[in-house]
Amino acid sequence: MISESVFGETATTVQQYTSDMGTKTIQLDEEVYERIASAQRDDETVSQTINRLLGTTSLHELVGTLSDDDADKTRAAVDASREADTDAAEELYED
């Protein structure tokens with residue numbers, strides 16, 4: 001890790017070396033690096049920490065993956081499932 005001044009702002013260069021996937025060197029503002037470092041677990045690399053913090057696929061990335069027909073069928077299935085859950089819950093509390 002190397003700290004340097006870029007355009008009057010302190011940045012931290014983070015280098016992560018992996019054997020089979022290649023690497024990239026990035027510059028982060030010191031504040032961003034500190035936030036990542038504070039979230040880093042003892043057994044994690046910086047890359048693993050960033051990957052964990054970013055999470056899985058964003059729902060926004062799924063937009064357009066279903067046809068309109070499939071989306072309608074999915075909505076109907078979800079609605080039917082919710083209705084069945086509600087009916088089952090009401091039966092439990094009828095007594």
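Every read-out reported here was derived from the displayed coordinates using simple, explicitly stated rules and does not represent laboratory data. None of these values were measured; they are calculated from a predicted model. Cβ sites come from the backbone with ideal geometry, for glycine too, and all protein chains shown count toward neighbours.
Some observations on this one:
- Residues of the range 41-95 that are on the phi > 0 side of the Ramachandran plot and under 19 Å from the mean Cα position of the chain (by Cα): G55 alone.
- Extreme residue, surrounded by the most Cβ atoms within 10 Å (Cβ to Cβ), among residues of the range 40-93 that are under 30 Å from Q27 (Cα atoms) and small (G, A, S): S47
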